[in-house]
1. So what is the accessible area of segment 62-133 per residue, in Å², with the probe set to 1.4 Å?
2. When only C-alpha pairs under 8 Å and at least 6 residues apart count, what is the relative contact order of segment 188-274, in percent?
3. How compact is segment 196-317 by the rule of thumb for globular proteins, expressed as Cα Rg over 2.2 N^0.38 Å?
4. Quick one: with all protein chains in place, what share of the accessible area of segment 51-135 is carbon or sulfur, to the nearest percent (1.4 Å probe)?
5. Using a 1.4 Å probe, what is the accessible area per residue for segment 191-249, in Å²?
6. Among DSSP beta bridges whose residues both lie in segment 187-246, state the antiparallel percentage, nearest 5.
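The values are calculated or read from the model by the stated rules, or taken from the named source; none is laboratory data. Only a predicted model underlies this, so the values are computations on that prediction, with no experimental measurement involved. Surface accessibility is based on the protein's heavy atoms, side chains included, excluding ligands, DNA and RNA. Shrake-Rupley method; radii C 1.70, N 1.55, O 1.52, S 1.80 Å.
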Amino acid sequence: MKRLTLALLLTALLPACAVPESGRVSGDRAPSSATSETNPPNAQPTTPYPSAGARFYFSGNGRLKLSHGHFDTKLDVRYRRADRSYDQQALQQIRRFFRSREDGRESSISLRTIELLSYVQTRFHPKEMTLMSGYRSPEYNAALGERGAAVAMASLHTQSLAADIAFVGVDIRKLWLQLRELQVGGVGFYKTQNFLHIDSGPSRFWEETTSKVKDNISAGNARIFVRTDFDRYATLEGAVLRLHSVTTLPLYVRATADLGGATLTLQPVDDEIPLRDGCWAIVKPSETYEFRITHVDGSTPRGPHEITLFTCDERVEKTPPEVQSNPIDFSKLR
């Protein structure tokens with residue numbers, strides 16, 4: 001947490017701003033010490049970071065331009081307006097562009113992931129970025145596994161948080177090291193297939209030779225994590241938290257969470273989730289598991305802090321007692 005918070009604070013101060021899926025496919029990965037570098041290159045990007053009013057720590061200029069590695073189509077959209085609102089028509093274009101390759105199923109790509117890809121484009125100026133794999137439906141992901149492809153059963157591709165991107169005009173290994181140093185999320189380097197897996201999940205890194213995808217590391221809720229709808233808020237009432245990598249049910253979540261001593265009251269977005277002894281009981285599978293913050297009791301802390309969600313007794317398999325979100329703060333939005 002300390003290292004991540006420091007990295008995010010430094011980010012605000014520093015100057016700045018695949019292959020056919022019949023082969024190896026990226027997904028959920030674990031960190032690996034085998035990929036560590038003692039002297040990563042010192043990048044000197046010149047594009048400024050977005051202002052302190054940006055809703056995400058890693059935000060681009062509001063535009064995303066991609067080629068597609070499997071369909072004869074291109075994407076070039078301005079998805080964010082000058083007033084920081086999001087253009088729903090542009091987001092629908094992104095949703096369609098990222099569709100599951102074989103079955104054509106679509107899912108709304110998270111704003112956090114869209115902003116992260118735009119951040120990479122804005123800061124590092126590749127000549128071209130090509131989407132090799134975006135959203136993958138659970139059925140298509142399972143079919144890839146049955147064909148022998150190395151896919152994670154709880155792949156972040158199936159949760160609309162990941163993209164495999166091929167680059168032209170940048171040193172892909174150097175870019176991997178730079179993104180890893182910034183701790184933007186999950187970044188996998190696939191040298192032989194010449195692409196990066198980029199996701200907005202927990203910060204971790206790997207190469208194709210150190211990937212642990214076949215270990216099914218998310219089984220039994222072992223890798224549950226939380227993402228908020230934004231990183232910066234003027235107020236927390238109404239903010240939405242989403243649980244990711246839920247692989248085993250039932251899951252019981254306490255109706256209150258913690259943020260630096262402040263108590264947050266949680267209400268499921270799905271009205272059918274029952275409350276039992278002060279805990280929300282998730283017993284039915286769903287595409288998303290979301291909670292809305294309806295009340296904040298106590299003073300919210302200054303600077304980046306994580307929200308802590310608590311699971312309740314009768315935890316199944318590897319369900320952790322606590323789950324942390326990404327750091328959030330209350331920087332003035334201007």
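1. On the way: 3440 Å² over 72 residues.
Using a 1.4 Å probe on heavy atoms only, each residue of segment 62-133 averages 48 Å².
2. Details: 72 pairs, mean separation 15.7, N = 87.
Reported as a whole number, the value is 18 percent.
3. 1.15
4. Values: 1580 of 3770 Å².
For segment 51-135, the apolar C and S fraction of the accessible surface comes to 42 percent.
5. 38 Å²
6. On the way: 8 of 11 bridges.
If we restrict to bridges inside segment 187-246, about 75 percent are antiparallel.
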